[in-house]
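See below for the structure under consideration.
The values are calculated or read from the model by the stated rules, or taken from the named source; none is laboratory data. This is a predicted model, so every value here is computed, not measured. Every residue, glycine as well, gets a Cβ built from its backbone with ideal geometry; the counts of neighbours run over all protein chains shown. Quick note on the areas: whole protein, heavy atoms, side chains included, nothing else; ligands and nucleic acids left out. Shrake-Rupley method; radii C 1.70, N 1.55, O 1.52, S 1.80 Å.
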Amino acid sequence: MTERRHLISIDDLGSDDLRAVVERGARFAAGAADGERTLAGLVVGTLFRKTSTRTRTAFTAGALRLGANTIAYGPDDLQENTGESTEDTAAVLSSMLDLLVARTAGPEAELRAFADQKRMAVVNAMSAEEHPTQALADLTTLQRHFGRVEGIRVLYVGEGNNTATALTLALSRFAGTELHLRTPPGYGVGEDFLRRAAVHGARTGALVEQRHDMAELPEVDVVYTTRWQTTGTSKPDPDWRSVFAPFQVDDAVMAACPGAVFMHDLPAHRGEEVTAAVLDGPLSIAFTQAENKHHSARAVLEWCAGRLPA
Ligand SMILES: NC(=O)NCCC[C@H](N)C(=O)O
């Protein structure tokens with residue numbers, strides 16, 4: 001039996017695997033692997049407890065295009081809702097499915113419980129801690145746009161959410177990259193992720209730094225932002241909007257970063273984290289980035305299934 005591989009965190013990918021998944025995603029994007037049915041005969045379950053447009057569609061369409069069949073579970077479908085344990089659910093699903101793509105948007109521990117077996121691969125389609133498949137699509141976007149990931153400099157503006165943590169772990173694995181996090185005070189990327197990125201950076205020469213203001217913006221290739229309301233979270237501070245307001249990406253931020261393109265994990269809220277002029281303007285590659293989720297998802301599914309072509 002083929003051993004399946006789980007993708008719960010970017011750190012689950014070895015360096016060669018990470019590079020291979022990014023390059024395969026870029027090949028799909030270029031149309032160079034169209035028609036390949038590498039997942040023929042497999043069944044992929046998708047469990048989305050929270051809303052999803054891009055990730056759900058990318059993985060479902062990706063699985064179908066590669067020849068797999070899919071089963072979709074919504075937030076109310078599994079007997080976990082009536083009290084069945086995650087362990088029992090995992091034991092049953094893993095005896096029938098080859099892969100499970102799951103957006104719990106809750107603590108990663110639940111995904112790890114699903115992944116406590118080797119028959120069914122588990123893909124983290126966004127947990128509270130990390131959004132690894134977003135970061136892989138982002139790396140594929142950099143690879144497509146710049147022809148490389150190495151040496152790319154990113155200014156990330158906004159909440160240090162699951163998208164930011166995954167990007168932090170992912171970029172720091174590539175030589176000479178820079179990630180400048182500008183997060184509102186109280187909403188930063190946690191120390192644990194910064195420490196893990198620093199360990200990668202000591203080996204790759206990547207730089208990750210975080211500040212909580214918008215002064216002295218660095219020279220970068222990409223300005224990246226994310227929505228202000230992270231899935232499944234609420235902000236206890238009633239005045240949080242005034243804390244976030246200085247972190248809006250507008251024409252002035254883009255002008256302070258000459259030559260940079262604009263990226264966004266979407267969904268976007270024009271007038272909050274980004275102005276319409278930037279999101280819909282000539283420097284934005286946000287919708288190509290969204291399309292890349294489909295290309296990258298196919299590479300992720302292949303890697304998890306042990307079917308990524310050599
Ligand atoms: N690209 C996406 O997966 N977008 C949906 C989630 C965005 C954001 N990281 C969130 O947690 O709400």
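Condition (residue is surrounded by fewer than 18 Cβ atoms within 10 Å (Cβ to Cβ) and touching a residue at least 40 places away in the same chain (Cβ under 8 Å)) applied to region 295-305: is it met by at least one residue? Checked against the condition, which is being surrounded by fewer than 18 Cβ atoms within 10 Å (Cβ to Cβ) and touching a residue at least 40 places away in the same chain (Cβ under 8 Å), region 295-305 yields no hits at all.
Scanning region 48-68 for residues that are within 16 Å of the ligand (Cβ to nearest atom) and in contact with a Gly (Cβ under 8 Å, 6 or more places away or on another chain), we see that the one that is least open to solvent (accessible area, probe 1.4 Å) is F48. Look at region 228-244: where a residue is within 12 Å of the ligand (Cβ to nearest atom) and open to solvent by 60 Å² or more (accessible area, probe 1.4 Å) and a partner is part of a loop (DSSP other than H, G, I, E, B) and not basic (K, R), sitting 6+ places away or on another chain with Cβ atoms under 6 Å, you get G232/A105.
Among the residues making up region 266-294, those that are surrounded by fewer than 18 Cβ atoms within 10 Å (Cβ to Cβ), more than 13 Å from the ligand (Cβ to nearest atom) and not in a loop (DSSP other than H, G, I, E, B) are R270, A276, A277, T288. Answer yes or no: is there a residue in region 69-89 that is open to solvent by 10 Å² or more (accessible area, probe 1.4 Å), within 17 Å of the chain's Cα centre (by Cα) and not assigned by TED's automatic domain parsing to the domain that holds R196. Within region 69-89, not a single residue is open to solvent by 10 Å² or more (accessible area, probe 1.4 Å), within 17 Å of the chain's Cα centre (by Cα) and not assigned by TED's automatic domain parsing to the domain that holds R196.
If the condition is being out of contact with any Gly (no Cβ under 8 Å at 6 or more places or on another chain) and assigned to a strand (DSSP E or B), then region 189-212 contributes E209, R211.
Within region 1-20, the only residue that satisfies the criterion of being free of Cβ contacts under 8 Å to residues at least 12 places away in the same chain and part of a loop (DSSP other than H, G, I, E, B) is G14.
Do we find that T163 is of a type in the set (S, T, Y), within 13 Å of the ligand (Cβ to nearest atom) and open to solvent by less than 30 Å² (accessible area, probe 1.4 Å) in this structure? Answer is yes for this residue. What do you reckon, is Y224 part of a loop (DSSP other than H, G, I, E, B) and within 16 Å of the ligand (Cβ to nearest atom)? It is false that Y224 is part of a loop (DSSP other than H, G, I, E, B) and within 16 Å of the ligand (Cβ to nearest atom). The numbered conditions (1) within 16 Å of the ligand (Cβ to nearest atom); (2) surrounded by fewer than 24 Cβ atoms within 10 Å (Cβ to Cβ); (3) closer than 20 Å to A305 by Cα are all true for P107 except (3). Annotation: M263 fulfils all but one of (1) part of a helix (DSSP H, G or I); (2) within 13 Å of the ligand (Cβ to nearest atom); (3) in contact with a helix residue (DSSP H, G or I) (Cβ under 6 Å, 6 or more places away or on another chain); the unmet one is (1). Within region 151-168, residues that are under 14 Å from A105 (Cβ atoms) have Cβ atoms under 8 Å from residues that are of a type in the set (A, V, I, L, M, F, W, C) in these pairs: N162/M126; N162/A128; T163/A135; T165/V189; T165/F193; A166/I10; A166/A135, counting only partners at least 6 apart in sequence or on another chain. Checked against the criteria, E23 does not count as open to solvent by 70 Å² or more (accessible area, probe 1.4 Å), away from the ligand (no atom under 16 Å from the Cβ), part of a loop (DSSP other than H, G, I, E, B) and more than 19 Å from H6 (Cβ to Cβ).
Can you confirm whether T141 is closer than 25 Å to R173 by Cβ and polar (S, T, N, Q)? Considered against the rule, which asks whether it is closer than 25 Å to R173 by Cβ and polar (S, T, N, Q), T141 comes out as yes.
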